[in-house]
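Have a look at the structure below, then the notes.
The values are calculated or read from the model by the stated rules, or taken from the named source; none is laboratory data. Remember, it's a predicted structure, so these values are computed and weren't measured experimentally. Note: ideal-geometry Cβ built from the backbone for every residue, glycine included; neighbour counts use all protein chains shown. Side chains are part of the model used for accessible areas, which takes the heavy atoms of the whole protein and leaves out ligands, DNA and RNA. Shrake-Rupley method; radii C 1.70, N 1.55, O 1.52, S 1.80 Å.
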Amino acid sequence: MRNNIQKIEEDIKKHSPHPEKVRLVAVTKYVGVEEMTEVVSAGISILGENRVQVLKDKKEKFDQTDLGSEIRWHFIGNLQKNKVKYISDYIEMVHSVNKLSLAREIDKRAEASERVIDILLEINIAGEESKEGYQLEELYRDLPEILKLKNIRVNGLMTMAPFSDDVELVRGVFKRLREIKDELNSEYFNGELKELSMGMSGDYKIALEEGATLIRIGSKIFS
Ligand SMILES: *Cc1c(COP(=O)(O)O)cnc(C)c1O
């Protein structure tokens, strides 16, 4: 595992135009607390999970150890509104905001916890039916309302590329996400969108080349 992490860190230096801005999210959905402890001990503090109940259970276990306070939890999966309350006290970032109603719920729960929660807007660039995420028209429709919410901070964008061997197809998706970020920054956000969460085990090098700042990697770390 340490070798895998080291390889990924080398790839960040090699493939990113701005390696100092890139953070690795260790996606721990496949593994248990033991492997997670090893990752945190290896210096990776951001852990990503895609199921609320699992995240909550794992956090409770870590909170009983010395490592509990070192971990920063990121939520990366499809988040149901009625589950936001279980993570809103401590979640550092939600990568997968794809509906106004969800943004409103996170805002409401953040306010109750006296916090501002960092979020990313998830965009379905390739228009795949099977994937979550905003279509662009929907996003532009919801943005004025999202911008009114005071207890969420929109930090950037997230996408998942199609599973494909076609490098140029995948690259095009990542490039498009960067262009959308630039458009939104000049039209709405005044440069406040900093993050591009893109790239998984199979495609993170391409994502890095296209400007990823958060790469979400699971199997490549734990295999
Ligand atoms: C599982 C998952 C990942 C990590 O996938 P790997 O291919 O194992 O690196 C990244 N992002 C999301 C949203 C995921 O659900």
(request) Residues being open to solvent by less than 30 Å² (accessible area, probe 1.4 Å) and over 22 Å from GLU187 (Cβ atoms): count how many of those fall in the range 106-147. (result) 3
(message) So in the range 189-223, with the set limited to residues that are within 13 Å of the ligand (Cβ to nearest atom) and in a helix (DSSP H, G or I), which one is surrounded by the most Cβ atoms within 10 Å (Cβ to Cβ)?
(response) ALA207
(request) Filter the range 13-53 down to residues that are surrounded by 14 or more Cβ atoms within 10 Å (Cβ to Cβ) and either outside any helix (DSSP H, G or I) or within 15 Å of the ligand (Cβ to nearest atom) (or both), then give me how many there are. (result) 23
